[in-house]
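Colleague: Here it is: the structure, laid out below.
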Amino acid sequence: MQQEPDPAGVARSTRTAAWGAVALLVAVLLVSAPYPWAYATPVASLAALVLGVLAVVRGVRAHARGAVVTLTSVLVVASVLWTLMSIQVFVYASAREAHQQCRAHALTVQAERACDTQLVEDVERTTRSFLPAAPTDG
C-alpha cells in the first residue's frame, strides 16, 4: 500500500529543486563569462548537483510522486553532466585567458580573426597534450 505524500515534504523538495535549478542556470551563464568569473562555473554546477540530490532525497522521504521526483532526477542528471563539462574551464583556462587579452587589444577585424585562429590552435594543442601519442611506423 502506497503512503500518501507529505505536502510539507513535497513543498520542501520542490523549493530545494528550484534553488538547484537556479544554481544550474548560473553555472550555464558563467561558462561563457570572462575570467576570473568563469572559474565559478564548477562551483555553481556542484551546488546544483548537491541541491538536486537533496531534493530527490526529500521527495522520496515525503513519498512524492510524478513530476516532483521526475524533474528533480532530471536536475541531478543535468547537474552531473554540466559539472563534467565545466571542468573544461580549467583545462582550457590559459587558452581562453590569452584569447580574452588578445581580443581586448585587437584594433581591427583582421586582428580579431588572428586572435580567434590562435585560440583554436591553443585549444587543439591543449587537447593533443591530453591524448596519448599515436604510435609511429618505423
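We did not get these values from a lab; they are worked out from the coordinates using the rules stated. This one's a predicted model, so the numbers in the text were calculated from it and none came from an experiment. Using ideal geometry, Cβ is built from the backbone for each residue, glycine included, and neighbour counts are taken over all protein chains shown.
Colleague: Using helices alone, what [θ] at 222 nm do you get for the chain, with -39,500 (n - 2.57) per DSSP H run of 4 or more residues, divided over all residues and rounded to the nearest 500? Can you show the working numbers first?
Modeller: Working: 6 runs with 104 residues, N = 138.
Result for the chain, helices only: -25500 deg cm²/dmol.
Colleague: Same structure, new question: List the residue ranges in the chain for DSSP H helices whose C-alpha atoms run 15 angstrom or more along the long axis and whose Kyte-Doolittle average is -1.0 or above.
Modeller: Numbers: long enough: 7-30 (34 Å, 1.25); 41-61 (30 Å, 1.65); 67-86 (27 Å, 2.02); 93-105 (18 Å, -1.31); 109-130 (32 Å, -0.71).
Result, helices passing both filters: 7-30, 41-61, 67-86, 109-130.
Colleague: While we're on this one: Given the options ALA48, ALA64, ALA98, state which has the largest fluctuation in a GNM of the chain using a 10 Å cut-off (strictly under) for Cα springs.
Modeller: ALA98
Colleague: Okay, moving on. Which order do HIS105, HIS99, HIS63 fall in if you start with the one that has the fewest other Cβ atoms within 10 Å? All intermediate terms of the calculation are to be shown ahead of the outcome.
Modeller: Values: HIS105 8, HIS99 18, HIS63 14.
With the sparsest Cβ surroundings first, the list reads HIS105, HIS63, HIS99.
Colleague: Answer with a single label: of (i) 21.3, 71; (ii) 14.3, 43; (iii) 16.1, 48, which was calculated as Rg and Dmax of the Cα atoms in Å from the structure in view?
Modeller: Structure-derived value, by its label: (i).
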